[in-house]
Structure formats: C-alpha cells, structure tokens
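As structure tokens, the structure follows; a few thoughts come after it.
Just so it is clear, none of the values below were taken in a lab; they were calculated from the coordinates. Nothing here was measured: the structure is a model prediction, and the numbers come from that model. A quick note on method: Cβ atoms are made from the backbone with ideal geometry, for glycine too, and the neighbour counts reach across all protein chains shown.
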Amino acid sequence: MDHPLLSHRITGDGAPILLVHGFPLDSRMWEPQIAAFSKRHQVIAVDLAGFGQTTTAHPPTHIEDHAFDLAHLLDHLHLDRVTLVGLSMGGYIALAFAERYAHRLSSLVLANTKATPDTPEAKQKRDDNVALVEQKGVAALASVLVPSLLSKRAPKTLVQKVHDIITSQSVEGTTRALEAMRDRRDTTHVLKALEVPLLLVGASDDALMPPDVTKGMQQAQPESELVILEGAGHLSNLDAPEAFNKAVSTFVDASAH
Ligand code: MLT
C-alpha cells in the first residue's frame, strides 16, 4: 500500500473545512459546498487514495489508512485543526480520523453515514460488487448504485453527473475501497467519546442510511446536533445543496464561539 500525498483543491480563506467524499466518488461531488463555504473559509476538498486524481498502484485496504492520509495532508498544509465534513464512506474515515487525531478537529460533520460495521449480508454484497467491478468494470457498478444515491426528484443532469464521476474511477481504487468498507471496525465507541462539536446530517429519502440510522447515532452521542434534510437522498449535499450548506454553516459558525 502507498501513502501518496492526496490530490486536493484549496479555495478561499478563513477557518479551514476539509471535505471527504463518499464512495465511489471524488472531490467533484463537493462543488456546491466549495462554492458556498469558500466565501468565508479555506475549503480543502480531497481525492482519497485510489479516487479522482490521487492515483496509486496500491490503494489502501483499510479505512484507517485513509485517515492517516488525511493527517499527512494536514501536516503538509501546516494545518493544526480543521472542521472535517465526511459523507458516507467519508464519514467512516472521519470517525477513524477522530479516533487517532481528535486533537486536529475543531468540529466534525458526519453526513449520511453510520458508526456500525457491515452486517454479514452487507459484507457479502461488498464481495459481490468486487466481483462485478473486476468482471464488468466500474460502469456496471454505477448502473447498480446510482439509483440508490439520489432522491427520485433529482434532475437528470445531476444523475448523469454522479454517473460520470463514478465511471471515471479505477477498478483498483473501487475494489480496494469496497474491501476497506467491508472490513471496517465498529466506531460507536469513538462516536460516544467525541468531545468536539458534532453535527449529524441525515436525509428523509436516503435509501442507504435511512434517518433512523442517523437518529441512532445521536442517541450514542446526545450532545450532537441532528438535522434531517427533507426530500433529500443519500448524497444529500448534492440533492439538497442549499439546505445542506445552511445546516453546516450554521453549525460551524455556532461551534466557533
Ligand atoms: C458511500 O456513499 O460512501 C457508500 O454508500 C457507503 C457504503 O457503501 O457503505
């Protein structure tokens, strides 16, 4: 496994916000957030190893490796602390980051994610998807996944954009990430022990992480704030960008005081 310096896009000035994308996407999924947050923040949107422009011969096979890569990037950028926003797989990585590098968080946003590990059925599905990608390519996975990523009201242009981002990913990056998600540990203890301000974002139409999952996370960490975005699907930042941005900026502003 390699630890390349993550390809990243930096926009704006101010208290830094680090955006960590979901599977199997890259920093392009954060365009509405980069545009909004960079007016008052330094926004860093990464391509995790094996995704987007961060090409590597040996992408990580453990969620913790991705967390290490984020810490390495913060060192490179001389950033002590950030607000970390992780969506779905990005949330799994954010919790692994919080376990080891809590001192580098000023606040945390976990969107459309969970702290619990894969069930045996979910692990089997990961293996099926690895086989699908190896045999038929990433486009075959895109056809299966895209309908579950956005709400039914999502415009065709957005559906196409998400499809295009997914089909541009590599077989190697996609399959290794499936294995890393399959093997990830339960991080409920990390969630429970968090001492930094935490915002949990769920979405009413999230087929992969239904609102009850997000509400369950709040029960594990009652100090957290909870927002459920009405009408949004799994990629809530793209499906309901204005509501997502408002929830995150209100939270970031409040936690800065
Ligand atoms: C994601 O959006 O990152 C994935 O749906 C997460 C997962 O498959 O567990």
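Assorted remarks:
- Residues of the stretch 175-203 with amide N under 18 Å of the 7 Å Cα→Cβ point at ALA57: 176
- Adding -39500 (n - 2.57) for every DSSP H run of four residues or longer, then dividing by how many residues the chain holds, sets the calculated 222 nm ellipticity at -14500 deg cm²/dmol.
- Distance in nm between pseudo-label sites at ALA220 and ALA71 (7 Å out along the Cβ direction from Cα): 2.0 nm
- Ranking of HIS78, HIS234 by neighbouring Cβ atoms within 10 Å, starting from the fewest: HIS78, HIS234.
- With a Förster radius of 30 Å applied to the beta-carbon distance between ASP127 and ALA35, the computed FRET efficiency rounds to 0.20.
- Taking every alpha-carbon pair within the stretch 1-120, the share separated by more than 16 Å comes to 57 percent.
- Cα centroid separation, the stretch 42-98 to the stretch 186-257: 19 Å.
- Shape of the chain, Cα gyration tensor, a/c cut at 1.5: rounded
- Spin-label model distance (nm) - ALA254 vs ALA102, 7 Å beyond Cα toward Cβ: 2.2 nm
- Spatially proximal aspartates and glutamates relative to LYS152 (Cα-Cα < 19 Å; intrachain offsets below 8 disregarded): ASP164, ASP205, ASP206, GLU230, ASP239, GLU242
- Surface/4 estimate of mean projected area, convex hull on alpha-carbon atoms of the stretch 49-142, nm²: 7.1 nm²
- Looking at the stretch 78-109, none of the trypsin sites (Lys or Arg not before Pro) sits in a DSSP loop with at most 11 other Cβ atoms within 10 Å of its own Cβ.
- Cross-link pairs beyond the 22 Å C-alpha cut-off, checked among LYS39/LYS215; LYS125/LYS192; LYS215/LYS246; LYS156/LYS246: LYS39/LYS215; LYS125/LYS192; LYS156/LYS246
- Loop GluC sites (Glu not before Pro), the stretch 192-257, which have at most 13 other Cβ atoms in a 10 Å radius of their Cβ (DSSP): GLU195, GLU223, GLU230
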